[in-house]
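Enquirer: After the structure tokens below, expect a handful of questions from me.
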Amino acid sequence: MEVELKEMLDELESLKGSLPDPPNASIDKLQLHIKRLTDLAKSAPVRRSKLKDMSAEVVDSNPYSRLMALQRMGIVENYERIREYSVAIVGIGGVGSVAAEMLTRCGIGRLLLYDYDKVELANMNRLFFRPEQVGMTKTDAAVQTLQDINPDVVLESYTLNITTVQGFETFMSSLRNKTFRLEKEGSGVDLVLSCVDNYEARMVVNQACNELNQTWMESGVSEDAVSGHIQLLIPGETACFACAPPLVVASGVDERTLKREGVCAASLPTTMGVVAGLLVQNTLKFLLKFGHVSPYLGYNSLKDYFPTMEMRPNPQCSNGACLERQKEYLLAKPARDAAKAKMEAETLSAAEGPLHADNEWNISVVDNSEIDVKAAASSDTLPVGLTRELPSADEYPKLPATGPADMSVDDLEELKKQLEALNAD
Amino acid sequence: MEGWDPNTKSTLTQIPLLTVKAGPRDGGAWTQRLKEEYKAMIAYTQMNKSNDNDWFRISAANPEGTRWTGKCWYVHNLLKYEFDLQFDIPVTYPATAPEIELPQLDGKTQKMYRGGKICLTVHFKPLWAKNCPRFGIAHALCLGLAPWLAAEVPILVDSGMIKHKDDAASSTET
């Protein structure tokens, strides 16, 4: 564009020269316009180059100065560790895309993005995607934007449906892949964020994480767009997603007054932005080890109420991999207790001796971190404002042997033929 | 099951219940489950035919039985409206139900998710959760798809979103 404008300017110059006197005022005006346009073109996006280290230097040109300041303020011990971490985000919709942008701006090491959908105009009531991206896959559009924002982040995109058998295999192998950090223990990612919009996909993320012994966080926004939640799931240690029917934050208004007819989902950029913010805040606390990582945090926007709770795993969980993780967790208890005792002893010895020799203003530190005495509910007792989304499976008697009619055919091919014969009529 | 019409209720009780709790990643157990799925579907199809209420065709689209395709139809004002029908068996089946898709209706009704997946949240998902693993594909068609068609097709026809194939043909000819 700059070249075109330059040529235009030159042509105008020669035109001016070729014209008989007096010098034409409108040509001067045109030239001024073109000069302004050239300036505008020059200010068009420039991509910054990749940075090897995160600098704490406070200058306008350093994208990490305000993040590294967290270290100086004593919030985070070692912020730069964030570059070692990999986070997988499943579902790049209203919550997932915003979470991805937040982590990208925070300088996360690597992001894995999963979605099978395309960007539509109907998504424009939410954040992140732009109208000119309509028609692109959400993963491609996200990579396009995120790369521009922060080229230091390694982005991997997977355009697939994780609930299908094939998609699930790819999902699992991508989580196992350790090429980003070979020495990492366990899987190839540090955390999986579920930002999907349906129960089926959540159950699939749960299945994968239980099998891989992978810590993950669940997030969700209700279909009426006025409440949401985030949840931390550590296989074996906390309830898995299949341990009990999913929790939902009750809207707090009479359910009968809610009009469901005719629509399957509403959405608001506000609720989704809040939930994405809560999710990534919990992610940062988990990865960079500061503050308290919430096991469950609900958000009811109509009443501005934030219920919290803890959930222990269900020893009768229907998910086999969850039961295996529960067993492992119990077996590791003595080692865990020993490590905890050692840590406590260390902090105790470190705390000995006064921090300040004099205290002119009689300043004292008061502990206000009231420990939640609320017993971790296993399944039945729920805090006010939370309800179950689905009923539990009914107990059913172990079959009193299949009826004689059932025994007649027990060959898969034969059964297929029977159905085809019926279909042919 | 309150609120369901007596016909659906009596049909439902006659579809054989399943017993094997296995999904497509469970090897031999999945084969056992698949046999039960076939038995239930055969029984349901036979029942529909003898009650003069035949309304779908479905068959496995791959040897593993994880993808199913077929047709379903609904009669409204004496005219038959037919749609392609498809779904995958999710890896977490039967803990989660198959997501039934009618791709031709994608974008034509609000009671549908992207890709033509019909909305089952309110009327069907709680029933499926309660009856896991006894419900199978046949139950999903009977309690999920059939009531959806009965509720949505009349609205789609009356609002002009879908046209009967004869009407559509004649209007393009003229």
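Every read-out reported here was derived from the displayed coordinates using simple, explicitly stated rules and does not represent laboratory data. Worth saying up front: this structure is predicted, and the values here are computed from it rather than measured. Every residue, glycine as well, gets a Cβ built from its backbone with ideal geometry; the counts of neighbours run over all protein chains shown.
Enquirer: Give me the inter-chain shielding for A:414-425: mean count of other chain Cβ atoms within 10 Å, whole number please.
Expert: The shielding value for this peptide is 5.
Enquirer: May I pose another question? Most fluctuating residue of A:Met68, A:Met311, A:Met343 in a GNM of chain A with Cα springs under 10 Å: which is it?
Expert: A:Met343
Enquirer: Return, ordered by residue number, the residues of region B:2-27 whose backbone nitrogen is under 19 Å from a label point located 7 Å along Cα→Cβ of B:Gln46.
Expert: Within reach of a label on B:Gln46: B:10-19.
Enquirer: Here's another thing I want to ask about it. Working out 0.36 nm times the residue gap between B:Leu78 and B:Arg114, then minus their Cα-Cα distance, what length gain in nm do you get to one decimal? Each step should come with its number before you reach the end.
Expert: Numbers: separation 36, 0.36 × 36 = 12.96 nm, distance 3.01 nm.
Extra length available between B:Leu78 and B:Arg114 comes to 10.0 nm.
Enquirer: Cross-link candidates for A:Lys333: which aspartates and glutamates have Cα within less than 18 Å, leaving aside residues fewer than 8 places away along the same chain?
Expert: A:Glu237, A:Glu324, A:Glu344
Enquirer: Once fully extended, how much extra length lies between A:Glu11 and A:Glu346, figured as 0.36 nm per residue of separation less the alpha-carbon to alpha-carbon distance?
Expert: Details: separation 335, 0.36 × 335 = 120.60 nm, distance 7.84 nm.
That works out to 112.8 nm of additional length.
Enquirer: Quick one: of A:Lys416/B:Lys111; B:Lys117/B:Lys163; B:Lys80/B:Lys108; B:Lys39/B:Lys125, which pairs are farther than 25 Å apart, Cα to Cα?
Expert: Violating the 25 Å limit, Cα to Cα: A:Lys416/B:Lys111.
Enquirer: What's the magnitude of the charge dipole for region B:6-162 around its Cα centre, counting Lys and Arg as +1 and Asp and Glu as -1 at the beta-carbon? Answer in Debye, nearest 20.
Expert: Approximately 380 debye in magnitude.
Enquirer: Could you let me know the centre-to-centre spacing of region A:337-351 and region B:99-113, using Cα atoms, in angstrom?
Expert: 58 Å
Enquirer: In deg cm²/dmol, rounded to 500, what helix-only [θ] at 222 nm does chain B give when every DSSP H run of at least 4 residues adds -39500 (n - 2.57) and the total is split over its residues?
Expert: After summing the helix terms and dividing by residue count, I get -11000 deg cm²/dmol.
Enquirer: Could you work out the longest stretch of chain A that avoids the trypsin sites (Lys or Arg not before Pro) located in DSSP loops with at most 16 other Cβ atoms within 10 Å? Spell out each step's value before the answer.
Expert: Working: sites that count: A:Arg47, A:Arg48, A:Lys50, A:Lys52, A:Lys178, A:Arg181, A:Lys184, A:Lys259, A:Arg260, A:Lys289, A:Lys303, A:Lys374, A:Lys398.
Result, exposed sites excluded: A:53-177.
Enquirer: Please list, in order along region B:99-104, the HN-Hα scalar couplings obtained from phi with the Karplus expression 6.51 cos²θ - 1.76 cosθ + 1.60 (θ = phi - 60°), rounded to whole Hz, x for Gly and Pro.
Expert: Karplus-based 3J(HN,Hα) across region B:99-104 equals 8, 6, 10, 10, x, 5 Hz.
Enquirer: Given contacts defined as C-alpha pairs under 8 Å and at least six residues apart, what's the relative contact order of chain A, whole-number percent?
Expert: Details: 580 pairs, mean separation 54.2, N = 425.
Normalised by residue count, the contact order of chain A is 13 percent.
Enquirer: Among all the aspartates and glutamates, which ones have a C-alpha under 17 Å from A:Lys16's C-alpha, if same-chain residues fewer than 8 places away are not counted?
Expert: Partners found: A:Glu7, A:Asp28.
Enquirer: Can you give the average number of partner chain beta-carbon atoms within 10 Å of each beta-carbon in peptide B:101-110, as a whole number?
Expert: Mean shielding count: 1.
Enquirer: Once the Cα atoms of helix A:138-149 and of chain A are each reduced to a long axis, what angle between those two axes, in degrees from 0 to 90 to the nearest 10, is obtained?
Expert: 50 degrees
Enquirer: Something else: Using a 10 Å cut-off around each Cβ, can you sort A:Ser219, A:Ser392 from fewest to most neighbouring Cβ atoms?
Expert: On the way: A:Ser219 26, A:Ser392 14.
In order of increasing Cβ crowding within 10 Å: A:Ser392, A:Ser219.
Enquirer: If you count, for each residue, the other Cβ atoms within 10 Å and average over each peptide, how do B:84-92, A:96-104 line up from highest to lowest?
Expert: A:96-104, B:84-92
Enquirer: Give me the number: length gained by fully extending A:Arg176 to A:Met136, i.e. 0.36 nm times residue separation minus the C-alpha to C-alpha distance, one decimal in nm.
Expert: Separation in residues times 0.36 nm, less the Cα-Cα distance, equals 11.6 nm.
Enquirer: What size of dipole, in debye to the nearest 20, comes out for region A:72-331 about its Cα centre when the only charges are +1 on Lys and Arg C-beta atoms and -1 on Asp and Glu C-beta atoms?
Expert: Numbers: 23 positive and 30 negative charges, 79 e Å.
Charge dipole, region A:72-331, about its Cα centre: 380 debye, nearest 20.
Enquirer: Using r as the Cβ-Cβ distance of A:Leu121 and B:Ser159, and R0 as 22 Å, what FRET efficiency do you calculate, to the nearest 0.05?
Expert: Here the calculated transfer efficiency is 0.55.
Enquirer: OK, next. Within 10 Å of each Cβ in A:206-216, how many Cβ atoms from other chains are there, averaged over the peptide? Before the final figure, lay out the partial values.
Expert: Values: counts 2, 7, 2, 0, 0, 1, 0, 0, 0, 0, 0.
Going residue by residue through A:206-216 and averaging, the value is 1.
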